[in-house]
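First comes the structure, then the notes that go with it.
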Amino acid sequence: MYRTVGILLSVLVFTSMPAFAYRIADVDIPDSIQLVDSDTTLVLNGAGIREKLFMDIYIGALYLPAKTTDATAILNDTQPASVLMHFLYSKVSKSKITDGWQEGMKANTTAAEMETLKPDLDKFNDLFLTMHEGDVVRIDYLPGTGTVVRINEEWRGTIAGETFFRTLLRTWLGSSPVSKKLKAAMLGTN
């Protein structure tokens, strides 16, 4: 009798917990996420650590409707997608975060594209705060809505349109990514 109860409790606990694809730096990475206010579920394409000067800054995880290792296909796609950033470093200032967006997008766009995107990038940068270890940024792309930013599950704002999100993805997946190792991890190729 006790054995049966124990097995039933184990099954209940196991099935009520979210499924995790794996752990990186003691952080559970979910194998799928559901877009907020949507029936859309995205699957983990890949995840890895953004390192800078031998320090772990954040875990970057890419979620798509279906797995692919093709960066060009991802960048040209118009379907929903999401990037989760789990901060590992004790403190990353807002200015370092916004400088990172600026540098990452500039390295992967033309001067004319950057000029066109400047108003959206400025608005996007205004959504961010100084981040601390354990903070989570979620950047969702929703067709018809645009780029939705949440920090620690709190809605921060939306950048309308499709172009901004796909250009932002170049920061990680473009020809000059912030980290080749992170790019490979997010593409699931390492």
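Against the test of being of a type in the set (S, T, N, Q), closer than 19 Å to ALA184 by Cβ and part of a loop (DSSP other than H, G, I, E, B), the options THR109, THR69, THR78 yield a single qualifying residue, THR69. Here VAL36 clears all of (1) part of a strand (DSSP E or B); (2) at pLDDT below 95; (3) not charged (D, E, K, R) except the condition numbered (1). For the stretch 46-66, residues that are touching a strand residue (DSSP E or B) at 6+ places or on another chain (Cβ under 7 Å), part of a strand (DSSP E or B), over 11 Å from LEU84 (Cβ atoms) and not basic (Lys, Arg) total 7.
Inspection of the stretch 132-151 finds no residue satisfying the criterion of being assigned to a loop (DSSP other than H, G, I, E, B) and in contact with a helix residue (DSSP H, G or I) (Cβ under 9 Å, 6 or more places away or on another chain). Test TYR89 against the criterion of being assigned to a loop (DSSP other than H, G, I, E, B), under 23 Å from MET131 (Cα atoms) and not acidic (Asp, Glu), and give yes or no. It is true that TYR89 is assigned to a loop (DSSP other than H, G, I, E, B), under 23 Å from MET131 (Cα atoms) and not acidic (Asp, Glu).
The values are calculated or read from the model by the stated rules, or taken from the named source; none is laboratory data. Remember, predicted model here, so these are calculated numbers, not experimental data. A quick note on method: Cβ atoms are made from the backbone with ideal geometry, for glycine too, and the neighbour counts reach across all protein chains shown.
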